[in-house]
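The values are calculated or read from the model by the stated rules, or taken from the named source; none is laboratory data. Just so you know, these numbers come straight off a predicted model, no measurement behind them. Glycine also receives a Cβ, built like all others from the backbone with ideal geometry; neighbour counts cover every protein chain displayed.
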C-alpha cells in the first residue's frame, strides 16, 4: 500500500491503534522531547504521538512516527523489512555465464520497466503550495520547531528531506540533514563531509546553491532521504520503487528545484557557497552525547509553502533506543543484498541500536579459507558509508546475531586478543567524539570465528557442548510431566 501523504499514514496508524493523540497544551521547548523520549523507550517503541495543542503555533506536531517495527513496515508497504531486500535481490539477478542473448535482453527490459515506473512525475498543482509565504511573511518561528535537549544551541528542524541538485550532472539528491534555526529566515545546514549534499555544495564553487527542504509527505520518500544510496541511484526513484508508484513533484515558487507535491511544509531558499561558514550546534545527537559546535553552511529561506492542514513532523534523537533505531533497521535489511553483491560470504549482519549505527557492526560469514574474516572487515570498510564503521565483529555462520548474549560469548571465547583484534585508520563519522582528529581516526576489526592452523592456531579447536537430539526431544515431550 502506497501512502499519498503523512495524513493517510497517520489515519492508518490510528485505525490500528498505533497513534496517541495528546490534546493537553505542551511546549515545544523540551517538554515534547521528554514525553517522546519516555514513550520511545517503552517495549516495542511505543505509539506515534500527535500533539494537537502546541504552545506558540497553530500546527500540530507528530513525533515517534516510525518508532516501531510495525510502523516502519507499514510505512514501506511490507509485512517484514526483508521483503524489500528480496525484491532488490530479484532485480539484481544477472544472467549466468551460460545465459544467452534473450536472458540478457530480458533482464535489461525488466530494469528499464522498473526505472520507468519509479521515476518521479511533475504536476502543476500541489497540496504543499496551498499556502505560499514570501518576503516579510517568511517566519520559521511560526512553525512548532522543537528544542529537544537542555544544552542544545537552539531549536532544530530534524525530520527533513533536503533537496539539492548537482550543478554538473543535474542529478537530484535528497538527504536527511538537521537545521539549526538561527532566526526567522536562516538556519545552519548540517550536511556531513561524506554526504552528497556537501559534494554538491563543493561543486557550486562560490555561487548560490538552490536548496529546498521538505517536511512531511509520504513515508517512503521521508525514509529514502536517510538511506545511504550511491549517487547513481536517485532517492526519489528509490522512493518510487518502495511505493510501487512514482513520487509526484511540483516546481518551487522562488528557486529552480522540484519538491514532493504532498509534503506538509516546503522551505525554499539557498546556500551561498561564498559565504563564511557559521558555528552550528551544540545538539543532543543520536550518539547520546552533545555534538559540539562546528562550522557549517548557512541556509537562507526565501519562501515557506505548506498545506492548509499541515502537520509538523519531528524526530527525537538521543540515547538509544529512539525512533532512528527503526529507520536504521530498515536500512540494514534493505541493503543486505547490495552488501552481499560485493561480499558474497556474508550471510547476515546486525547493527545493534547500542552501537548507534556506525560504532558497531556484527557480521556472520560462511568461512571457507584462512583470513576470510579479515578480508570481510576490510571489504566492508571500503563500501560506501560502511567506511565509517568503528568496530566490525565477524562470527561463524551458526551464531545468532540477534542474540547479543550469544554473540558476546563467542567473541570473548574465540579470540586471542593479540592475534584476532586488528586496527586500521581512515574516515570516521562527523559525530564521533572519541577520535583525536575530527572525521578521522582508528577502527577495530575483531575476528571471532573458529581459528584454523594457518591462522596461527596450531592447537586443536574444542567441540562446543551440545545435548544429544534424542534426549532433547524426550525432555521436551515430558516437560509437563516434570511439573513445569
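Considering only residues of segment 240-251 that are outside any loop (DSSP other than H, G, I, E, B) and in contact with a strand residue (DSSP E or B) (Cβ under 8 Å, 6 or more places away or on another chain), which is surrounded by the fewest Cβ atoms within 10 Å (Cβ to Cβ)? Result: 251.
Sub-6 Å Cβ pairs linking a first residue in segment 312-339 that is over 29 Å from residue 55 (Cβ atoms) and not assigned by TED's automatic domain parsing to the domain that holds residue 354 to a second residue that is part of a loop (DSSP other than H, G, I, E, B) and modelled with pLDDT under 95, at least 6 apart or interchain, are 328/357; 330/81; 331/227; 332/351; 333/81, ordered by first then second residue. Look at (1) under 26 Å from residue 326 (Cβ atoms); (2) free of Cβ contacts under 8 Å to residues at least 40 places away in the same chain and you find that residue 149 fails only one, number (2). Scanning segment 61-77 for residues being surrounded by fewer than 19 Cβ atoms within 10 Å (Cβ to Cβ) and part of a loop (DSSP other than H, G, I, E, B) gives a total of 1. Scan the strands (runs of 3 or more DSSP E) fully inside segment 121-233 and keep the ones with 1 or more residues being over 22 Å from the mean Cα position of the chain (by Cα) and under 22 Å from residue 264 (Cβ atoms). In segment 121-233, 131-134, 186-188, 208-215 are the strands (runs of 3 or more DSSP E) which contain 1 or more residues that are over 22 Å from the mean Cα position of the chain (by Cα) and under 22 Å from residue 264 (Cβ atoms).
Selection of segment 341-359 for residues being within 22 Å of residue 326 (Cβ to Cβ), in contact (Cβ under 8 Å) with a residue 60 or more places away in the chain and surrounded by fewer than 17 Cβ atoms within 10 Å (Cβ to Cβ) yields an empty set.
For (1) buried (at least 20 other Cβ atoms within 10 Å of the Cβ); (2) in contact with a strand residue (DSSP E or B) (Cβ under 8 Å, 6 or more places away or on another chain), each residue gets a yes or a no:
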residue	(1), (2)
261	yes, yes
267	yes, yes
277	no, yes
282	no, yes
286	yes, no
290	no, yes
294	no, yes
306	yes, yes
314	yes, yes
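For segment 224-233, a residue qualifies if it is surrounded by fewer than 19 Cβ atoms within 10 Å (Cβ to Cβ) and touching a residue at least 12 places away in the same chain (Cβ under 8 Å), and the qualifying residues are 228, 230, 231. Against the definition (over 21 Å from the mean Cα position of the chain (by Cα), over 29 Å from residue 10 (Cβ atoms) and assigned to a strand (DSSP E or B)), how does residue 271 come out, yes or no? In short, yes. Of 259, 247, all but one fail to be in contact with a helix residue (DSSP H, G or I) (Cβ under 6 Å, 6 or more places away or on another chain) and within 30 Å of residue 85 (Cβ to Cβ); the exception is 247.
When 383, 338, 362, 388 are checked against the criterion of being surrounded by 21 or more Cβ atoms within 10 Å (Cβ to Cβ) and at pLDDT below 95, 388 stands alone in meeting it.
Scanning segment 390-414 for residues that are farther than 10 Å from residue 364 by Cβ and touching a helix residue (DSSP H, G or I) at 6+ places or on another chain (Cβ under 7 Å) yields one hit, 392.
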